[in-house]
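Heads up, the thing below is written out as structure tokens.
The values are calculated or read from the model by the stated rules, or taken from the named source; none is laboratory data. Everything numeric here is computed off the predicted structure, so don't read it as measured data. Reconstructed Cβ throughout: ideal geometry from the backbone, glycine too, with neighbour counts over all protein chains shown.
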Amino acid sequence: MNNTTQAGSLQNTTEVTNREDDKSMIFVHLSFYVFLRVLVSLSGIVGNGVTLVLLKRLRHRHNAHILMVYLAVTDILVCVMAYVSIPLTVTNYLNINISFYKTLCIVKEDIYYTVLGLSLATYTLVSVDRFVWPFLFDLIDSKNILHRT
């Protein structure tokens, strides 16, 4: 009976050690995740902020510059949303119960996907401005539609 008690005690000690190892691994993963998320978010905010300052100083403004301003603003919003979502992700991994957690997640996801959609729409407009319009104008110009007298 003494051997059984020792074996049970050893098994319980092993389980406690495994749980502590799991908790330390979760902490390491979360620390790495938070560090990378903060690094990427802050570099995106600073980089796009510099882009906005440089675009504001341009004297000759074209339609493409307006699209670049829209793109920088939407990228800043995406970076801000990535930065704001860090506490929600950490509370999810640590199983911390917050009464309004589900509501926060729903609101955050709605805002995040709206901002992401705006960013993708701006990318589409930049692509159309750079590649589709010149092709169409060359096609129209080659048929002398614009130069008829």
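Results, tabulated for the structure shown:
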| item | result |
| --- | --- |
| Unique match (being within 30 Å of K23 (Cα to Cα), surrounded by 12 or more Cβ atoms within 10 Å (Cβ to Cβ) and at pLDDT 90 or above) among V84, V80, V90, V46 | V80 |
| Some residue of segment 50-58 being surrounded by 12 or more Cβ atoms within 10 Å (Cβ to Cβ) and basic (K, R) | no |
| Subset tally (residues that are in a helix (DSSP H, G or I) and either in contact (Cβ under 8 Å) with a residue 12 or more places away in the chain or closer than 17 Å to D129 by Cβ (or both)) for segment 44-85 | 29 |
| Residues of segment 91-142 that turn out to be farther than 30 Å from Y70 by Cα and either aliphatic (A, V, I, L, M) or not in a helix (DSSP H, G or I) (or both), as a count | 7 |
